Every structure is written in structure tokens, then in C-alpha cells.
1. For Gln261 and Asp214, what does the FRET efficiency come to when R0 = 35 Å and r is the distance between their Cβ atoms, rounded to the nearest 0.05?
2. Could you state, as a whole-number percent, how many of the C-alpha pairs of region 170-261 are farther apart than 18 Å?
3. On full extension of the chain, what length is gained from Cys163 through Gln96, given 0.36 nm per residue of separation minus the C-alpha to C-alpha distance?
4. Which net charge results when you count Lys and Arg as +1 and Asp and Glu as -1 among the other residues whose beta-carbon is under 14 Å from that of Val219?
5. Running a GNM on the chain with Cα contacts under 10 Å, which residue among Asp170, Asp245, Asp34 ends up with the highest mean-square fluctuation?
6. Over the Cα atoms of region 190-233, what is the Rg over Rh ratio if Rh follows Kirkwood?
7. Divide by every residue of the chain the summed helix terms, -39500 (n - 2.57) for each DSSP H run of at least 4, and state the resulting mean residue ellipticity at 222 nm, rounded to the nearest 500 deg cm²/dmol.
8. Over the chain, give the accessible area per residue in Å² for a 1.4 Å probe, as an integer.
Amino acid sequence: AGGTQVIAQDLFAISSEYFVPNGISADGNTVFGDQWMWNRATGVQSLSQTLRSLATNAGYFFGSQILIFSSSQNGSVVTGIVEDTINNRKDYFLWQVGSPQLQILPTNAQFGPDYYRFHAISGNGLVVGGSVQQPAPQFGSLYTAVMVTAAGSTAISTQARGCNFTGVWDLNFDGSVAVGTQETNACSMAAFRWTPAGGLVAFGPAGSAAYACDAAGDVVVGDYINFGVAGTKPFLWTPVLGFRDLQSELVARWNLGGALQ
């Protein structure tokens, strides 16, 4: 309501990789970046030395790359990756912010030390989701959507060639529902919703992606391509309504056409 707020004038002084927020608490009072944290009361602080010290204590080379990817709903837990090129180790972690150690999550033998990228953490901070990249037998890479807990990694999608991103974009509060994008045939992609009971179900048209869900996992939003029309269009999905174009839903069901003008 108050417009854009600048939370850091110069991230070059405290950041080394990506100068963008990667996680935010539900109340908006705490924001995390790759190696930094902003709090509404205390401002921006670098986490670089803290994270490097924690990684060193866990047996990693001090110069290892360590990045935060996302945060839990209350901002008390973050997930990230630590890459030790000296010792050829690449692991992912959970960190209770302020605690004296990292929780290194176990690597699943199905994937090994391949490249993980996490985009989501459940609201309770116990499950992370994203994508794992593996070299293809002949060329390119294979991508698989994964969910990770302290018990290990679970693949929730088939391997995809990698013409489009395949992975988890968001999790509900307890990590029992995942939404994301699954590459389909002919280098197309479709939005999906995953549950333990139903598995991965692609519900969107070609060119769709699901980016977020609510705490229960029953309301999903994202965007899709309307082929022949420039740009993308937002959608809303629920178990009752199914897939709906958001603009059409607002106009036809809620009579908000005038407001949208």
C-alpha cells in the first residue's frame, strides 16, 4: 500500500551471487537472500561469515559456496545448498536461523551428488522441494521434480529432457502437497499438483506452470500460454472449480469486469 520499499541500497557489500530475495516470512517482516537477511526492525545483515563458519564446522572447505534458497512461513527455518569444490561435495541443508549448526539432509543414492535447486520449503520448514539435474546419456540434461526431508530425496516426476523446467515451485504448510511444472512430450510443459495418495497429476493445458498454493494445498495459482496471443495469462485451480482462467473467473463469476478495466 505504501509503494516499493528499498531494503538494501547496495547488496554487493554483503552478497556474492544473486541480489534478489529468495524467501519471505508470511507476515512480511523477514526476507532472505543468498547470504543475507533483512528484518523490519534491524535492517539488512550479512550471513556470509556465519554460514561459512557453520559449513566449516560441518567439515566443508571454508571457501565453499553456500546459498539460501527459501524460508519457512514464520522465517525461523531456511533451506539452501553448500558446494565444496575442493572435496567434491555438494549437499543441501536446513538451518534453524541462529542455531550453531546446519542440518545436512541425506543424499539419495538415486540421484547422488548431482545439481539440486530448491524453490520451495513447506510452511513448517520440514520439507523442501525443487529439481535435480543429471547429465543425459547422450546430450543435454535430465530434470526430475524432487521433495526432500530428513529421510532423503523422493522423485515425484519422471525424468524430462530439459527443454523446459521440471520441478516443484511451491509446497503447502505441511509438505503434503506440491505444485510445479512437468515437462511433457515434444518439449511442452504443464502445471501439476502432487499428493501422496494421488501422485503427480498434470491439470493444466500445454504451456502452463503452477507457482503457488495455499496452506491446505487446495488452491493453486500460476500462468499459462494462450497460443496465438502475446504474453501469459494467470489461472486459478481448485478441486471444485478445476482449471479456470483468472480473468474469466473474475468477470463471469464475480462480476468484476468493470473493476478490472
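The values are calculated or read from the model by the stated rules, or taken from the named source; none is laboratory data. These numbers were taken from a predicted model, which means no experiment stands behind them. Quick reminder, even Gly has a Cβ in these numbers, built from the backbone with ideal geometry, and neighbours come from all protein chains shown. Accessible surface is based on the protein model in full, side chains and every heavy atom, while ligands, DNA and RNA are left aside. Shrake-Rupley method; radii C 1.70, N 1.55, O 1.52, S 1.80 Å.
1. Using R0 = 35 Å, I get an efficiency of 0.80.
2. Summing the P(r) tail past 18 Å for region 170-261 gives 46 percent.
3. In short, 20.6 nm is gained.
4. -2
5. In this elastic network of the chain, the residue with the biggest mean-square fluctuation among Asp170, Asp245, Asp34 is Asp245.
6. That ratio equals 1.04.
7. After summing the helix terms and dividing by the residues of the chain, the value is -2000 deg cm²/dmol.
8. Here the per-residue accessible area is 49 Å².
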